[in-house]
Amino acid sequence: MSSTNEPITNIVLVHGAFADGSGWRGVYDILTAQGHRVTSVQIPLTSLEDDIAATNRVLDMQDGPTILVGHSWGGTVITAAGNHPSVSGLVYVSALAPDSGENTAKQYEGFAPTPEFIIDVGDDGFGFLNFERFQSGFVAEASEADAAFLRDAQVPVNMAAFETPVEHAAWRDKPSWAVIATEDKAFDQAMLQSMAARAGSEVTYVTASHASYFTQPQAVAEVIQTAARNALVAVQ
């Protein structure tokens, strides 16, 4: 790792299930205006391996230390892909953070159910968020028009991906930050807090729904900027 105290320039953003990279536009605009080189990965949501591979292709394009950011399922992806040598720090935005040898499904064990976050699974094993509950479960504070667009543009996820374990959790070796949305209806608050505490993440709370990256881009961008300023110092 570099010993410089200059902020990290490269930021790579990873979306979660039921979404694509376009939801990061607000965060992207803020960070690029501050001089960051920002890339939004389009993961296929077909398997954990495929999503890691898509993220690694983008990480291979970076020209120096990089902050890797994940939302929701994207947290599992960055936990695995974060072992890439370009990654200096991790930011979890309303995101999953499994440990080495754990899968995504295990993170829910022992925590309260989330009745507003309903996944409808087809015969092919791919799931969409329930259309009637999409706004309340995913992006409650957005306008009806924005919520409708996100609902109608959602990308299904192969539910089998949630059963695939992470081989080695990158947060065990690299510093991490977490944004926890206080009105998140996808995850129990205790679950988010437990994952962040185990990872040793510096936590920021925002008043937002699960899609905090979309509705609170300034707050999320500020946490990413904090990571960019401090990740290299943290590993010295």
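The values are calculated or read from the model by the stated rules, or taken from the named source; none is laboratory data. A quick note: this is a predicted structure, and the numbers were derived from the prediction, not measured. Neighbour counts run over all protein chains shown; Cβ positions are idealised from the backbone, glycine included. All accessible areas refer to the heavy atoms of the entire protein, side chains included, with ligands and DNA or RNA removed. Shrake-Rupley method; radii C 1.70, N 1.55, O 1.52, S 1.80 Å.
The table below gives the values:
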{"item": "Linear extension gain, residue 46 paired with residue 218, 0.36 nm per residue minus alpha-carbon span", "result": "58.9 nm"}
{"item": "Dipole in debye (nearest 20) - the chain, about Cα centre, beta carbon charges: Lys, Arg +1; Asp, Glu -1", "result": "660 debye"}
{"item": "Amide H partners (placed H, <5 Å) of residue 157, local residues excluded", "result": "18, 127"}
{"item": "Local electrostatic count, residue 81, Cβ distance below 15 Å [Lys/Arg +1, Asp/Glu -1]", "result": "-3"}
{"item": "Size of charge dipole - the range 119-236 - debye, nearest 20, with Cβ of Lys, Arg +1 and Asp, Glu -1, no other charges", "result": "560 debye"}
{"item": "Gain upon complete extension [residue 132, residue 56; 0.36 nm per residue less C-alpha separation]", "result": "23.9 nm"}
{"item": "Computed label-point distance, nm, for sites residue 33 and residue 190 using a 7 Å Cα→Cβ extension", "result": "4.1 nm"}
{"item": "Hydrodynamic radius of the range 124-236 per Kirkwood, over alpha carbon pairs, in Å", "result": "15.9 Å"}
{"item": "Per residue accessible area in Å² of the range 1-55, where ligands, DNA and RNA are left out and the probe is 1.4 Å", "result": "41 Å²"}
{"item": "Dmax and Rg, reported as Rg then Dmax, of the range 87-130 (C-alpha, Å)", "result": "13.8, 40"}
{"item": "Paramagnetic label zone (point 7 Å from Cα along Cα-to-C-beta, residue 153; backbone N under 18 Å) in the range 45-66", "result": "45"}
{"item": "Distant-in-sequence amide H partners of residue 40 (H built 1.01 Å from N, under 5 Å)", "result": "13"}
{"item": "Neighbourhood charge, 14 Å Cβ-Cβ cut-off, centred on residue 140 and excluding it, Lys, Arg +1 and Asp, Glu -1", "result": "-4"}
{"item": "For the range 1-145, alpha-carbon Rg relative to the globular expectation (2.2 N^0.38 Å, N residues)", "result": "1.12"}
{"item": "For residue 119, distant residues with modelled amide H under 5 Å away", "result": "130"}
{"item": "13 Å beta-carbon shell around residue 44, net charge (K/R +1, D/E -1)", "result": "-3"}
